[in-house]
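Following: one structure in structure tokens, then a few remarks.
Quick note: the coordinates plus some simple rules give every number you see, no bench work behind them. Just so it is clear, the structure is predicted and the values come from calculations on it, not from any experiment. Every residue, glycine among them, receives a Cβ derived from its backbone with ideal geometry; neighbour counts consider all protein chains shown.
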Amino acid sequence: MKSPIYHSIETYRFTMKKLYGKQFESRYSNLAEHVPAGKTITELCPGDGYLFENYLKNTNPDYSAVEWNRKFSLYLREMGVKVITQDLTKTKIPSAQVILMQGSLYQFEDHTSMVEDIFEAAKELVVISEPIDNIVNSKNKIISGIGAHLSNPGDGPKHFRFTKGSLLETFEGYPEPQIHHYPAAKEVILVFQK
């Protein structure tokens with residue numbers, strides 16, 4: 001018998017698949033291409049753990065996560081993930097060869113401090129994926145409201161999103177990243193080698 005949290009996760013994923021349509025799977029497969037196999041990983045704000053469960057579990061089993069949302073944390077634990085259920089601004093990021101964050105940097109008001117903490121924790125690579133053309137920016141208030149609600153980490157809906165330019169400005173002063181732009185998936189992936 002599946003746990004109640006499983007059904008909650010399935011409902012969340014169903015909604016996300018409807019919103020992203022054909023690009024839902026490519027968001028994860030595009031990102032997984034830039035994560036070398038066999039590395040230790042700390043993923044920040046992994047949400048429902050879809051990337052780990054479907055793309056990294058077999059290639060990068062030494063995986064940890066920091067996730068504030070209790071529902072997501074419980075599901076990650078059910079998958080055997082080492083997870084810290086904590087506000088990322090109030091905990092030290094566990095060091096790993098790869099520090100990974102998908103579509104979550106926009107949630108933090110102080111982007112500069114978060115980026116500093118990310119680079120401090122990374123031993124080899126920093127991999128950041130951010131949407132730059134998001135449903136939150138939709139002119140349709142219902143669609144934008146749904147997007148803001150789905151991106152609520154636990155302290156309210158999030159309406160801010162990066163553009164490609166503002167995202168790159170956030171990382172000025174750090175090593176030059178490899179920039180991978182996936183227009184169909186409406187996202188940019190930045191890969192920094194330390």
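Ordered by the count of other Cβ atoms within 10 Å of each Cβ, fewest first, ASP62, ASP48 give ASP62, ASP48. Among the listed values [x] -0.46, -1.40; [y] -0.41, -1.24; [z] -0.53, -1.17, the one matching log10 I(q)/I(0) by the Debye sum over Cα atoms at q = 0.11, 0.18 Å⁻¹ as calculated from this structure is [x]. When shorter helices are ignored and each DSSP H run of at least 4 residues is given -39500 (n - 2.57), the per-residue value for the chain at 222 nm works out to -9500 deg cm²/dmol.
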